[in-house]
Amino acid sequence: MRLLTHNMLSCNIRGVTKGYPLELEVERYVTKEVQFNPDFLKNIFPKIEWKALHDAAKKMNVNDLPEQVEPTMLDNDDFMRRFHHALLELHLEEGALICPETGRRFPVIKGIPNMLLNEDEV
């Protein structure tokens, strides 16, 4: 599961009001090379919750993303490559996504998050 996916997911348990961002529990992650596409990054940038991306990347030992960003940084090639790496090349293979309100764990197995709810959670 890419951090792009993580950045878009939230907990949908009935009654949960603070289900985003999901906390990341990393057991194993891999890096998969993806072709660099600056136009995609510039278009997705406004939709990204930066703190969630920054914190998730830190859980995968990526410590070179700035804590705060601004659109002018999209003109910096070094920043764009670090953004690209964190967003698209880091893949959570094994671990869990954890609801910040309830603590409910959603397992990630072979890179696929299982966000199915139990009957009493719907």
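The values are calculated or read from the model by the stated rules, or taken from the named source; none is laboratory data. None of these values were measured; they are calculated from a predicted model. Cβ: placed from backbone, ideal geometry, glycine included. Neighbour counts: every protein chain shown. The accessibility values were calculated without ligands, DNA or RNA, using every heavy atom of the protein model including side chains. Shrake-Rupley method; radii C 1.70, N 1.55, O 1.52, S 1.80 Å.
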Query raised in the report: How many residues does the stretch 101-119 contain that are free of Cβ contacts under 8 Å to residues at least 40 places away in the same chain and of a type in the set (Asp, Glu)?
Result: 1
Requested in this report: Return the pairs, sorted by first residue and then second, in which the second residue is of a type in the set (Phe, Trp, Tyr) and open to solvent by less than 90 Å² (accessible area, probe 1.4 Å), the first residue lies in the stretch 53-75 and is over 21 Å from Met1 (Cβ atoms) and touching a residue at least 40 places away in the same chain (Cβ under 8 Å), the beta carbons are less than 6 Å apart, and the residues are 6+ apart or on different chains.
Outcome: none
Query raised in the report: Mind checking whether some residue in the stretch 31-51 is farther than 24 Å from Pro100 by Cα, open to solvent by 40 Å² or more (accessible area, probe 1.4 Å), outside any loop (DSSP other than H, G, I, E, B) and in contact (Cβ under 8 Å) with a residue 60 or more places away in the chain?
Result: yes
Report task. Select from the stretch 61-112 the residues that are in contact with an Asp or Glu (Cβ under 6 Å, 6 or more places away or on another chain) and assigned to a strand (DSSP E or B) and write down the one among them that is surrounded by the most Cβ atoms within 10 Å (Cβ to Cβ). Result -> Gly95
Query raised in the report: In the stretch 1-30, which residues are closer than 12 Å to Gly111 by Cα, open to solvent by less than 50 Å² (accessible area, probe 1.4 Å) and in contact with a helix residue (DSSP H, G or I) (Cβ under 7 Å, 6 or more places away or on another chain)?
Result: Leu3, His6, Val26
Report task. Read through the list (1) open to solvent by 50 Å² or more (accessible area, probe 1.4 Å); (2) at pLDDT 95 or above, then give the number of the only condition that Asp120 fails. Result -> (2)
Query raised in the report: Within the stretch 10-27, is there a residue that is small (Gly, Ala, Ser) and in a helix (DSSP H, G or I)?
Result: no
